[in-house]
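Let me begin by presenting the structure, written as structure tokens, before commenting on it.
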Amino acid sequence: MKFICLTLLIINGITDSKSEQYDVVGPVDPVFAVAGEDVILPCSVKPNISVVDMRVEWFRADLKDSQLVHLYDDHEDRNTDQIQSYRGRTEVNHQELQRGDASLKLSSVQVSDEGVYKCFIQSKSWSDDATVDVSVEAVGRPPVITVDGFDDSGGLHLQCESEGWYPEPDLEWLDSEGVSLSSETTEMQRNTDGFSVKNTITVHHRDDKIHCRVKLRHHMLETLIVTSSKNYNPWRTSVILSSIAVALIVIAGILLAVFVCKNREHDELQNENRRKKQEHAQLQTEMNRIQQEHALLQTGLSRVQQARDQLQEKIRIQEHELLQNENRRIKEEHDRLQNEKRITKYHKPGSLPAPHRILDGAHMMFEGFKKIMFLNK
């Protein structure tokens, strides 16, 4: 037993000594990413061992409370507490984990993704982390050169503008020989899409090509404008600008007329819609009134039918009582006549006493009355 315990301690010590040699390694240089594209943040274990059974955690070290970017634990991704802006954009290749590669794939990079990331790997016996510095570049729109008129000496004012860049871009003017030209004013603004830059220059020479170039560390966009002596004619330029202004005024008038017409049609449609709604409300009220009257008529009809049934029942009972009374009266008359018959049984044959004739007449009347009552029913 002591030998077994000693062996286990030796194995554990060997394992601990080996485990201390593993390091989590990240990139030496910052990782550059382009907004809108995908990027891989490298992270691996050296020497290479499988980290499938380990905990792999990516988080932002430059944010408050080191917010979670991606978590792999217990053989699956667990991103319940992930930063909202990273939802659905992070991925760790589970097959590469077997080779010790815990790199993070970040899709559709945003400017807000720029920062310091930590790759933390933990096993039962050791843990280590590596830092990945991510820089994001957003390539803006191609620069636009516009002619901003002439000065008193005939110099041509040019303006170059571009937006949507991150970080702040550099803007420069170049002539046809590639020589940098000095600019006059530069405006830089920050908005939700990134940085916008605007620069102006005055050109005095003729028949030349002027380049406006906007660039970052790894990206550059350029626009060319060709200037000539014809283009420098102030009178011709004024005529062109005046024509453009007149055309714009005419177009604005047409658009205004169309807008007024459309607005009037919209108002008419709104009024028609309100009128139809009012008619529908009136019809609905009339329908409710008719339904109420129908319900009242149904109630009255039910009461009339109930009164009729009660009256018929009352008549039937009264008729039955009349028949019973008449029957008792006839029976009493019959019994009385029978008594009289016994008294006069010694009268001469063939002569029928008057009471008997009366009895027969009453009996016939009773039978006739019963037939009439039967027919009435």
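Here is a check on your reading of the model: is residue 52 over 30 Å from residue 168 (Cβ atoms), part of a strand (DSSP E or B) and modelled with pLDDT of 95 or more? No: the conditions fail for residue 52.
Can you report the number of residues in segment 68-78 which are open to solvent by less than 80 Å² (accessible area, probe 1.4 Å) and either in a loop (DSSP other than H, G, I, E, B) or of a type in the set (Asp, Glu) (or both)?
2
Might you check whether a residue that is modelled with pLDDT under 85 and open to solvent by 50 Å² or more (accessible area, probe 1.4 Å) occurs anywhere in segment 157-177? Yes, some residue in segment 157-177 is modelled with pLDDT under 85 and open to solvent by 50 Å² or more (accessible area, probe 1.4 Å).
Per-residue answers, yes or no, for (1) touching a strand residue (DSSP E or B) at 6+ places or on another chain (Cβ under 9 Å); (2) open to solvent by 100 Å² or more (accessible area, probe 1.4 Å); (3) more than 27 Å from residue 364 (Cα to Cα); (4) among the aromatic types (Phe, Trp, Tyr):
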| residue | (1), (2), (3), (4) |
| --- | --- |
| 299 | no, no, yes, no |
| 302 | no, no, yes, no |
| 308 | no, yes, yes, no |
| 323 | no, no, no, no |
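There is no residue in segment 105-121 that is polar (S, T, N, Q), under 21 Å from residue 51 (Cβ atoms) and open to solvent by 20 Å² or more (accessible area, probe 1.4 Å).
Quick grid of which residues meet (1) touching a residue at least 40 places away in the same chain (Cβ under 8 Å); (2) within 21 Å of residue 33 (Cβ to Cβ):
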{"residue": "67", "(1), (2)": "no, yes"}
{"residue": "72", "(1), (2)": "no, no"}
{"residue": "98", "(1), (2)": "yes, no"}
{"residue": "101", "(1), (2)": "yes, yes"}
{"residue": "105", "(1), (2)": "yes, yes"}
{"residue": "108", "(1), (2)": "yes, yes"}
{"residue": "137", "(1), (2)": "yes, yes"}
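For segment 79-99, which residues satisfy the criterion of being outside any loop (DSSP other than H, G, I, E, B), polar (S, T, N, Q) and open to solvent by 70 Å² or more (accessible area, probe 1.4 Å)? 84, 95, listed by residue number.
The values are calculated or read from the model by the stated rules, or taken from the named source; none is laboratory data. Worth saying up front: this structure is predicted, and the values here are computed from it rather than measured. Every residue, glycine among them, receives a Cβ derived from its backbone with ideal geometry; neighbour counts consider all protein chains shown. When the accessible area is computed, the model is the full protein with side chains, heavy atoms only, and any ligands, DNA or RNA have been set aside. Shrake-Rupley method; radii C 1.70, N 1.55, O 1.52, S 1.80 Å.
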